[in-house]
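All remarks here apply to the structure that follows.
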């Protein structure tokens, strides 16, 4: 029996055959009803590989109707699942990973030289024989962009309410607790009591949420480049919401908030480093709040101080610098307010800059998304389909 | 060197928006 099994494995060409009548069953089992957890112990993006192996067989037998029908049903089913789960980050992440993997497969096995450079000899043997699916690649690319945008929307909805509290109000540096400008109550006291709770709006809570997003995307086998773009977009929101709040609230424009903010941004940078996300350009999006934190902390008295501020604050507009200096609130009676002449000095120093006139940052700004081609080293002939998926009507060819 | 493969036939596809319209009209047809 063992000999037979080994021989079958050897003869397997990495294709899956099904009768046309089973297409609806395949789509229901593999797309409509699947839960990401049911394939978590298998190859990441298993649904995408199974679908591609089915496409390969339909291509192999030269059945254009079958290829078109399967691709159309696949795309429509994915869209339906996403519509039904439009606030579920896990589902968005799962289908973004699988849709982009299916797109990569259509490229990798297209037979086009440009996509074959990293293929093994066996992978090149497995290229599509009869059909050019370039137009379907375009649809899958458009669909991936749609899912990405939906995923960003869901993630932003979750972290938006946490940002101000986590970045500006909660006290992650214990020694700074209670050091607030004169006349302002400690707003974060109630938040600190549930610092370990799942909904706490401390910096740790925000980082935990980011880690959860990142872990989900990694578990689903999402390309690291795409996950990096998601994190960068979320870091942009953290930066923009934090800075806008700082620009509108006198009580947080103080030396101690500057200290707190610098510490918090360094923790976010540390998290990026620890998760190999430092190349994602996410860190650069924090530059305005890093500079705002420094602006709150530096001396603001002499003309040398003014020059230093001008060369330091390159990611802030003149309007933003002036606003923060105007709002700056001394911690105690020993610290002086920023003088009008100091602010005028800064303004004249920076008058040549052509900064945009608006004070607040655009929290809705979106970076263009890119899905770089990422071929897989995986061999289709070695793919194992767990019996628990209920796909026993697929015949390995 | 690999033998030159014969040209593949381009399978025409609707755009994602067209596909959306088709699926909406399908849903409308079915009760």
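Compute the label zone of residue A:25 within the range A:355-397: residues whose backbone N is under 13 Å from the point 7 Å along Cα-to-Cβ. From the range A:355-397, the list is A:390-395. Taking other C-beta atoms within 10 Å as the exposure proxy, A:201, A:60, A:109 rank A:60, A:201, A:109 from fewest upward. With distances taken between every two different alpha-carbon atoms, the range A:95-176 has a Kirkwood hydrodynamic radius of 16.1 Å. Shape summary of the range A:5-151, radius of gyration then Dmax from alpha carbon positions: 15.3, 47 Å.
Summarising the label geometry, the points placed 7 Å from Cα in the beta-carbon direction at residue A:125 and residue A:204 lie 5.6 nm from one another.
In plain terms, the C-alpha convex hull of the range A:305-397 casts an average shadow of 14.5 nm² when viewed from every direction. The simple Förster model, with R0 at 60 Å and r as the Cβ-Cβ distance, assigns residue A:314 and residue A:42 a FRET efficiency of 0.80. Mean sequence separation of contacting Cα pairs (under 8 Å, at least six apart), scaled by the length of chain A, corresponds to a relative contact order of 22 percent.
Annotation: extensible slack from residue A:304 through residue A:353 equals 15.7 nm (criterion: 0.36 nm per residue apart, minus Cα-Cα distance).
Across all directions, the average projected area of the convex hull around the alpha carbons of the range A:328-371 is 6.3 nm².
Between residue A:388 and residue A:69, the simple label model (points 7 Å from Cα in the Cβ direction) yields a spacing of 3.2 nm. Every Cα-Cα pair of chain A was included, and the share exceeding 35 Å stands at 42 percent. Taking chain A as a Gaussian network of alpha-carbon nodes connected by springs under 10 Å, the highest mean-square fluctuation of the residues A:165, A:379, A:311 belongs to A:311.
Rounded to two decimals, the Cα-based Rg/Rh of the range A:226-276, with Kirkwood Rh, is 1.05. Stretched out straight at 0.36 nm per residue, the stretch from residue A:266 to residue A:135 would grow longer than its current Cα-Cα span by 42.7 nm.
Name the residue, out of A:225, A:336, A:156, whose mean-square fluctuation peaks in a Gaussian network model built on chain A with Cα pairs under 10 Å. Comparing A:225, A:336, A:156 in the GNM, the peak value goes to A:336.
Read-outs throughout are calculated quantities, based only on the coordinates presented, and are distinct from any laboratory measurement. Predicted model only: the values in this text are computed from it and were never measured. Neighbour counts run over all protein chains shown; Cβ positions are idealised from the backbone, glycine included.
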